[in-house]
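Since the structure comes first, as structure tokens, the remarks are kept for the end.
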Amino acid sequence: MSEAIAPPPLPSPPPYPDTPDMAHLHWVDPGPIGRVRLALRATAIVIALIMCVPLYYIWRALRLSNPWPKLFLRAVARACGARVNIVGTPLKRDVFYISNHLSWLDIPVIAGRNGSAFVAQDGIKSWPLVGWLCKLNDTVFVSRSNRMGIAGQINELRDALSETWAITIFPEGTTTDGSTLLPFKSPLLQVLDPPPPGVMVQPMYLDYGAHARDIAWVGEETAPNNALRLFTRRGNFDATLHFLEPFSPADFPGRKAIAAEARVRIEAALCASVGRDRTV
């Protein structure tokens, strides 16, 4: 009687239940040199935090214009390897910036230069340390699921704009790899319909150049994995902020028209950067 032949072993499941084209986005042990980079970058951020937070509270108690969130976020961007270049002229106050969105790193890159507050998902508010830091920068937290609370969120945006003078919003609602631009979601632009007196809209195109796919936080990648990839990557990279021509929201009939105009300008800058024609 012949022995039964055992079936071949089943292949091991992939370490991440994701699509093959996302494989490059998952962090793996970078080895001793990568761990040294991680330690150095984390140490630089902790030192910046220790220096800036007490000064932030002192300036706040004295009711002075507070530069410390901006300086801390600039230090975070630099510690992560970003070397920020500016193209165009950012408005200083009474401005609603509208930007494309690739990564959590966009926030320190942008705010480290223009000092704006941000609009973020309310889930981030409960993240350890990150949520607290967002509050220090006057972040306005909004809920995607609470459509009935949009009026209250708009009021918060108006209050934040009057206090911080500048707000940045990512109307795509999620991140991309920098090669394309998603449709803009306009509900939060209701704050500009009608616009507060004197407020301008300035579209902004954030370009990580050849490093965009490595920087981007997309797909099913977790925030810790993305952060570890950035903290352990080799070398620095350019991040170029294109401050495009501002426009008055009063010249456009409603939030959808404002979103459409901003998207047209950002898409034109993106296409010029990647060398392709605009979609119609």
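The values are calculated or read from the model by the stated rules, or taken from the named source; none is laboratory data. Just so it is clear, the structure is predicted and the values come from calculations on it, not from any experiment. Reconstructed Cβ throughout: ideal geometry from the backbone, glycine too, with neighbour counts over all protein chains shown. Surface accessibility is based on the protein's heavy atoms, side chains included, excluding ligands, DNA and RNA. Shrake-Rupley method; radii C 1.70, N 1.55, O 1.52, S 1.80 Å.
Segment ILE124..VAL36, full-extension length gain: 28.8 nm, with 0.36 nm per residue of separation and the alpha-carbon distance subtracted.
Length gained on full extension, ALA210 to TRP132, computed as 0.36 nm times the residue gap minus the Cα-Cα distance: 24.8 nm.
Maximal additional length on extending the ASN225-ALA61 stretch stands at 55.3 nm, based on 0.36 nm per residue less the C-alpha distance. Each of the peptides 101-112, 39-50 was scored by the mean count of other Cβ atoms within 10 Å over its residues; in descending order, highest first, they stand as 101-112, 39-50.
Ordered from highest to lowest accessible area with the whole protein assembly present and a 1.4 Å probe, MET204, MET51 read as MET51, MET204. In this structure ASP193 has an accessible area near 60 Å², from a 1.4 Å probe over the protein heavy atoms.
Measuring how big region 164-280 is from its alpha-carbon positions, Rg and Dmax come out at 15.9, 47 Å.
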